[in-house]
Amino acid sequence: MHTAKIIIVGGGIGGAATALALDRAGFDFTVYERSQQLREVGAGIALWANATHILKNLGLLEDAIQVGCLTTNYQFNSQRGKELVNIAVDGFELPVVGIHRAELHQLLGCNVPREKFILGETFERFERNRNRVCAYFTSGLSIEGDALIGADGLRSRVRALLLGDQPPTYRNFKTWRGLTDYIPSEYRPGYIQEFLGRGKGFGLMMLGKGKMYWYAAATAPEAQPDAAIGRKKELEMIYQDWFPSIPELIAATEEANILTTDLYDRPPTKPWSQQNITLLGDAAHPMLPTDKELVLRWRMRMSLPNACKH
Ligand SMILES: Cc1cc2nc3c(=O)[nH]c(=O)nc-3n(C[C@H](O)[C@H](O)[C@H](O)COP(=O)(O)OP(=O)(O)OC[C@H]3O[C@@H](n4cnc5c(N)ncnc54)[C@H](O)[C@@H]3O)c2cc1C
């Protein structure tokens, strides 16, 4: 019997999770990743019930909870710490987990045979030949398979070739993400806390292994360089009069552990598959961490006032 051979382009969280699911389902597949190493950025990620549902199906939920941290509440505050809304998130059938991205990636990847990941191969183009698809890489490698999955992220090459569309849209704000061992005395265990101000925000949550993850966002032009005083000093200035946990966390974080990222998204496109080629993760639909529609729907449902200075 012919076992379908599936080509996965991209070995991020999406590509690694797909590889594991295909492995468990008995498919023949290979992941082609352009980086020389399988890795994720040094930041945290909140796994909501839709994601923990997948981890449960993959048999990895307990492991993720072991290396991550269970979240009980999602709390929104004004910038000075007045509570605006506090949502219990521990009542779902499945938990919400805060976890280091590298731990999650490692958990997914280490359960897939190592030889299924081919590193240092950058996908260039595909050709369809009847029911088969051939993927070509910049190294000169070409691979034929029965199906191709583009899990190659925000600026997906597979997507550009499949849908012929434009680059993603910059949404006029950037984020900083930090990791530290410092836990502010006012932190409430199990909480994701967000603090909202005009054109700015700050959030924090526990990951596993005693790590605190924080993220800040502010309106900014695209590709804005770091301030001359450096990332940490700039953040200390921006957030100096916010809720005390915030300047404390920034002060406790090493400059090298602060990442910056410009934020982009795309409107949803349907369909994102054609015959035996499909897209997955950010290649299919990159969203802002603050997905505007979602926040608006929440605000309407909760009658949440606009954040103001308290
Ligand atoms: C600031 C921020 C915070 C976020 N917070 C959360 C959160 O708390 N919870 C949540 O669920 N989501 C969150 N997200 C979204 C989440 O991080 C992404 O949706 C997810 O990481 C996308 O994974 P991916 O595998 O699709 O893409 P990526 O992680 O981008 O992986 C793509 C992979 O493809 C490889 N690649 C690219 N091009 C090629 C090529 N031509 N050939 C071969 N390989 C290639 C890349 O090297 C990379 O390894 C956040 C996003 C941002 C920006």
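The values are calculated or read from the model by the stated rules, or taken from the named source; none is laboratory data. Nothing here was measured: the structure is a model prediction, and the numbers come from that model. Ideal geometry is used to build each Cβ from the backbone, glycine not excepted, and the neighbour counts take in all protein chains shown.
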Worksheet item: Within the set of pairs 6 or more residues apart or between chains, which connect a residue that is polar (S, T, N, Q) inside the stretch 190-219 to a residue that is modelled with pLDDT under 95 and not in a strand (DSSP E or B) with Cβ atoms less than 6 Å apart?
Response: Thr219/Gly199
Worksheet item: Does Phe173 qualify as being modelled with pLDDT under 95 and either surrounded by 13 or more Cβ atoms within 10 Å (Cβ to Cβ) or in a strand (DSSP E or B) (or both)?
Response: yes
Discussion item. So for the stretch 138-151 (the condition being charged (D, E, K, R), closer than 20 Å to Thr18 by Cα and surrounded by 21 or more Cβ atoms within 10 Å (Cβ to Cβ)), does at least one residue qualify?
Written reply: no
Worksheet item: Cβ-Cβ below 9 Å, separation at least six or inter-chain, first residue in the stretch 119-139 and touching a residue at least 24 places away in the same chain (Cβ under 8 Å) and within 13 Å of Leu161 (Cα to Cα), second hydroxyl-bearing (Ser, Thr, Tyr) and assigned to a strand (DSSP E or B): which pairs?
Response: Phe123/Tyr32; Phe123/Tyr136; Glu124/Tyr136; Arg125/Tyr136; Phe126/Tyr136; Ala135/Tyr32; Ala135/Ser142
Discussion item. Can you list residue pairs whose Cβ atoms sit under 6 Å apart, with the first residue in the stretch 33-50 being over 19 Å from Gly10 (Cα atoms) and the second being hydrophobic (A, V, I, L, M, F, W, C) and part of a loop (DSSP other than H, G, I, E, B)? Count only pairs 6 or more apart in sequence or on different chains.
Written reply: Gly44/Leu207; Ala49/Phe92; Ala49/Leu94
Item to complete: Go over the candidates Gln79, Gln66 one by one and state the one that is surrounded by fewer than 16 Cβ atoms within 10 Å (Cβ to Cβ) and either within 15 Å of the ligand (Cβ to nearest atom) or touching a residue at least 60 places away in the same chain (Cβ under 8 Å) (or both).
Response: Gln66
Worksheet entry | Set Gly59, Gly14, Gly42: member being over 27 Å from Arg157 (Cα atoms) and among the small types (Gly, Ala, Ser) | Gly59
Worksheet entry | Test: residue in the stretch 183-193 that is modelled with pLDDT of 95 or more, assigned to a strand (DSSP E or B), within 23 Å of Gly91 (Cα to Cα) and of a type in the set (Val, Ile, Thr) | yes
Worksheet item: Among the residues of the stretch 260-291 satisfying the criterion of being in a strand (DSSP E or B), among the polar types (S, T, N, Q) and more than 9 Å from the ligand (Cβ to nearest atom), which is nearest to Pro221 (Cα to Cα)?
Response: Thr260
Worksheet entry | Lone qualifier among Glu194, Glu127 - being within 22 Å of the chain's Cα centre (by Cα) and over 19 Å from Asp282 (Cβ atoms) | Glu194
Worksheet item: What residue, of Gly190, Gly153, is among the small types (Gly, Ala, Ser) and more than 25 Å from Trp272 (Cβ to Cβ)?
Response: Gly190
Worksheet item: Taking the stretch 130-157, which residues are in contact with a Ser or Thr (Cβ under 9 Å, 6 or more places away or on another chain) and of a type in the set (A, V, I, L, M, F, W, C)?
Response: Cys134, Ala135, Phe137, Ile143, Ala147, Leu148, Ile149, Ala151
Worksheet item: Of the residues that make up the stretch 142-152, is at least one closer than 16 Å to Pro286 by Cβ, in contact (Cβ under 8 Å) with a residue 60 or more places away in the chain, among the aliphatic types (A, V, I, L, M) and near the ligand (Cβ under 9 Å from one of its atoms)?
Response: yes
Fill in: Which numbered condition Ile99 fails, given (1) buried (at least 21 other Cβ atoms within 10 Å of the Cβ); (2) away from the ligand (no atom under 14 Å from the Cβ)
(2)
Fill in: Which listed residue, of Arg101, Arg132, is under 30 Å from Met206 (Cα atoms), in contact with a strand residue (DSSP E or B) (Cβ under 9 Å, 6 or more places away or on another chain) and of a type in the set (Lys, Arg)
Arg101
Discussion item. Condition check: among the basic types (Lys, Arg), more than 30 Å from Arg128 (Cα to Cα), surrounded by fewer than 19 Cβ atoms within 10 Å (Cβ to Cβ) and without any contact (Cβ under 8 Å) to a residue 60 or more places away in the chain. Does Lys233 satisfy that?
Written reply: yes
Practice prompt. For Asp226, state whether it is under 24 Å from Gly120 (Cβ atoms), part of a loop (DSSP other than H, G, I, E, B) and of a type in the set (Asp, Glu).
Written response: no
